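Values in this text are rule-based calculations from the coordinates and carry no lab data. Since this is a predicted model, take the numbers as computed values, not measurements. So basically every Cβ, Gly included, is an ideal-geometry build from the backbone, and we count neighbours across all protein chains shown.
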Amino acid sequence: MKIFADLHTHTLASGHAFSTLKENALAAKEKGLEILGVSDHGPAMSGAFPENNFSALAFFCPEYLEGVRILKGAELNILGGDPFFDLSFELLQRLDYVIASMHKPITSQKTARETTDLYIETMKYDFVKIIGHADNADYVMEIERFVEACKHYQKIIEINNSSFVVRKSGLENMRSILKSAKKYQVPVIVNSDAHIYTDIGKVDLAVKVIAEEKFPEDLVVNYNRDLFKAYFGV
């Protein structure tokens, strides 16, 4: 299975990544990707750029770099209070898409039910398209209820290639999520979560686990062009 888009990538603006947007676009082109999403961390992440970086992205980043279509996004931190996210609603509605994720210690740890409830509250916001690396073992949740809610609110579940490196304790959660998503016919997206240009488009381990779980390829959003267009309009 060959993907045509990678929507979870980071630049220097995330504070702990190592490449520019141009370097990432060149890498995407070299790897045969047609679409690159830039999704830097929201400002609650240590070292991440402030909100005006995302405003500049929305206004000034061209639609194409190095011949690759650029989608302007963000990886939000789910705060769960007031504010609920670490970027303003006004800004988020100007972006092409949003990934919403939980990161330790930004999102406080909760019971499985509370964590699931927080994910479900997150899904109620239309600008959230993707739930990021929900396999994270730091946040135990009720997987089947989570997946059912993704179906109800029409959210995409991310299968994150970097989990195989930095979140290994959550890999069994990933398999359980895929089993449930297959049962309920919920779409997923395979992303690199690249923090350096050499990892752009690197989704081999995510693709392998999808094959092992016999997950339907036509439910992989960045493999199925019609499904991708339905969610992202391109």
Practice item. May I ask you to give the average projected area over all directions of the convex hull of the Cα atoms of the range 5-232, in nm² rounded to one decimal? Key: 10.8
Review point. Gap in Å between the Cα centre of the range 177-234 and the Cα centre of the range 143-173?
Key: 11
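Ranking request for peptides 61-70, 157-166, 179-188: highest mean number of other beta-carbon atoms within 10 Å first, then the rest in descending order.
On the way: 61-70: 15.0, 157-166: 21.6, 179-188: 18.2.
For the peptides 61-70, 157-166, 179-188, the packing ranking is 157-166, 179-188, 61-70.
Run lengths n ≥ 4 of DSSP H only: what is the helix-derived mean residue ellipticity at 222 nm for the chain, with -39500 (n - 2.57) per run over all residues, to the nearest 500?
Working: 9 runs with 82 residues, N = 234.
The per-residue figure over the chain is -10000 deg cm²/dmol.
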Revision key, fill the gap. The set of residues whose placed amide H lies less than 5 Å from the amide H of I159, leaving out same-chain residues fewer than 5 positions away, is I189, V190, N191
Check your understanding: Ordered by residue, what ³J(HN,Hα) values in Hz, to whole numbers, does the range 227-232 give under the Karplus form 6.51 cos²θ - 1.76 cosθ + 1.60, where θ = phi - 60° and Gly and Pro are x?
Key -> 5, 4, 5, 4, 8, 10
